[in-house]
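Below: the structure, in structure tokens.
The values are calculated or read from the model by the stated rules, or taken from the named source; none is laboratory data. Here the structure is a predicted model, which is why all the values come from computation and not from measurement. Here the Cβ positions follow ideal geometry from the backbone for every residue, glycine too, while neighbour counts run over all protein chains shown.
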Amino acid sequence: MELATFVIYDIEDDRIRTRIAEDCKDAGLERVQYSVFRGLLDRTRRKDLLAKLIERLGDRKGRFLVLNLCEKDAREVREHIREYGNYPPGEKESAAA
């Protein structure tokens with residue numbers, strides 16, 4: 001059974017962070033934020049991705065979270081997007097918050 005799967009990571013090493021992003025894309029996940037990916041994965045693909053991410057990070061400093069949501073919980077996910085370019089001229093992001 002496929003579940004909504006989120007991969008969230010915080011990796012210091014630029015090269016490893018880029019490779020982890022590529023691993024997520026290769027697994028069929030889509031990027032929703034700089035260090036957040038989501039998509040539908042079955043148990044085998046989640047297990048394989050997790051093993052790949054653990055191996056990729058190795059003994060380097062960093063962390064990641066692989067979060068699975070059942071269909072009911074996935075339907076409750078809400079996303080709000082405001083593109084950075086939507087701010088009035090001269091207004092900074094922090095001023096609009």
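The residue pairs whose first member lies in the range 67-79 and is closer than 11 Å to PHE6 by Cα, whose second member is of a type in the set (Val, Ile, Thr), and whose beta carbons are closer than 8 Å, counting only pairs six or more residues apart or on different chains, are LEU67/THR5; LEU67/VAL7; LEU67/ILE8; ASN68/THR5; LEU69/THR5; LEU69/VAL77. Of the helices (runs of 4 or more DSSP H) contained entirely in the chain, those carrying at least 1 residues that are out of contact with any Phe, Trp or Tyr (no Cβ under 7 Å at 6 or more places or on another chain) and modelled with pLDDT of 95 or more fall at 14-26, 43-57.
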